[in-house]
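Below is one structure, written out as structure tokens, with a few remarks after it.
Read-outs throughout are calculated quantities, based only on the coordinates presented, and are distinct from any laboratory measurement. Everything quoted here is computed from the prediction, not taken from an experiment. So basically every Cβ, Gly included, is an ideal-geometry build from the backbone, and we count neighbours across all protein chains shown.
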Amino acid sequence: MKPAAFDYFAPKSIDEALALLAQHGYDAKPLAGGQSLVPTMNFRLAQPAVLVDLNGINELFFIRENSAGLRIGAMTRQRTVERSPLVQRRAPLIHETMPHIAHPQIRNRGTFGGSLAHADPASELPVLAITLNARMRVQSSRGERWVNASDFYLDLFATDLQPDELLVEIDIPDLPARTGWAFDEVSRRHGDYAMAGAAATVTLAVDGTVAAARLVYLSVGDFPTEAFLAETALIGERPTSAALAAAAEIAATQDISPGGDIHASAAYRRHLAKVLAARVLARAVDRAVERSAERGSA
Ligand SMILES: Cc1cc2nc3c(=O)[nH]c(=O)nc-3n(C[C@H](O)[C@H](O)[C@H](O)COP(=O)(O)OP(=O)(O)OC[C@H]3O[C@@H](n4cnc5c(N)ncnc54)[C@H](O)[C@@H]3O)c2cc1C
């Protein structure tokens, strides 16, 4: 199918794009990599009257580091993030996860900010943004604001973004000291959207107990789902395999209520959630131990 007719604008600056969004409001949609928006328009599930193409706005394409972490411009291609040595060094959880997103051809075009703004519950990047305490810089012709990733996702494909707002930049703080990370997911074929996935970070105290833990799922609810009860259960514990297995059980049985669809039943998703939690928590603990040893010997 072909999309319904629309007007097309190709602004060269953020200000120009914001003026177009302010003028056209709910009738307009920003176009980033087009990897989700264009198929949706072709199926006529979305029929924006106006497309505001962000691809000519050079100021939205960047990866920069500062003393506290990374800043990634919303239009930075997913493939650029995947191949960035800066991202590998400063945000290894993102580096590890990028190859799980779709296929290289899609990542060549798809953007970091487009995926975050699209808010697909099966997407990896929103889960990472929450796990890493990322913040979103959002601009409109009315001004700018910062939104914590944990407050950004409101419902199925729904974010805190208003129709006249653009996501322009994402702030990703460094991992705290003695912190390990991991991501894993299960999909039928490599590159498919996952039936379930999980990201974790674990921070160890000097005495080896768990000082902080994050465990966030994709594909088990309408938006990224944080396993708060499992996280709390780990605090102050020694991260033994029994403690991690107990946390994984809590996550799968109390923190989430997955639905079933043609890809996986609810019961199978719960099973995956438990297996994935145990796996990512264990890997995150191993890395936290390694990083603690590196710091100790430094
Ligand atoms: C076959 C296939 C498999 C895929 N598999 C996966 C997968 O496994 N995991 C995954 O995460 N994704 C997957 N994707 C989606 C892909 O990662 C997309 O690139 C991504 O979801 C959207 O990014 P985009 O840059 O293409 O955004 P677009 O498609 O251009 O836009 C998506 C939405 O976000 C809005 N938007 C975009 N940028 C901004 C901005 N800066 N500010 C405000 N609103 C904005 C648009 O208006 C639109 O509503 C897949 C896509 C395909 C076609």
Amide H contacts under 5 Å for Leu31, placed H, 5+ residues apart: Val52, Asp53, Leu54
Peptides ranked, highest mean first, by Cβ atoms within 10 Å: ranges 270-280, 211-221: 211-221, 270-280
Radius 12 Å from Cβ of Arg89, net charge of other residues (Lys, Arg +1; Asp, Glu -1): -1
Asp7 long-range amide H proximity, modeled H, under 5 Å: Val50, Leu51
Beta bridges per DSSP with both ends in the chain, % antiparallel, nearest 5: 85
For the stretch 25-38, Karplus couplings with θ = phi - 60° (6.51, -1.76, 1.60), whole Hz, Gly/Pro x: x, 4, 6, 9, 9, x, 10, 9, x, x, 6, 10, 5, 5
Proximal charge balance of Ile172 [Cβ under 9 Å; K/R count +1, D/E count -1]: +1
Relative contact order (percent, whole number), the chain, Cα cutoff 8 Å, 6+ residue spacing: 15
Pairwise label distance in nanometres, Ala46 with Phe6, each label 7 Å out on the Cα-Cβ vector: 0.6
Under Karplus coefficients 6.51, -1.76 and 1.60, residue-wise ³J(HN,Hα) of the stretch 73-88 in Hz, glycine/proline x: x, 4, 8, 4, 5, 4, 5, 5, 5, 4, 9, 7, x, 4, 5, 4
Highest average packing first - 143-151, 252-260, Cβ atoms within 10 Å: 252-260, 143-151
Qualifying lysines (Cα of each under 26 Å from Cα of Lys2; at least 8 residues distant if same chain): Lys29
Long-range amide H partners of Gly110 with built H, under 5 Å: Gln78
Within-12-Å neighbourhood charge of Asp7 [Cβ basis; K, R +1; D, E -1]: -1
Angle in degrees between helix 241-250 and the longest Cα principal axis of the chain, rounded to the nearest 10: 40
Given charges at beta-carbon only (K, R positive; D, E negative), |dipole| of the stretch 1-54 in Debye: 240
Karplus-derived 3J(HN,Hα), 6.51/-1.76/1.60, for each residue of the stretch 209-217, Hz, glycine and proline x: 7, 7, 8, 7, 8, 10, 9, 10, 9
Whole-Å distance, taken between Cα centres, linking the stretch 133-158 and the stretch 211-241: 23
Nearest 10 degrees, 0 to 90: helix 266-297 Cα axis against the chain principal axis: 70
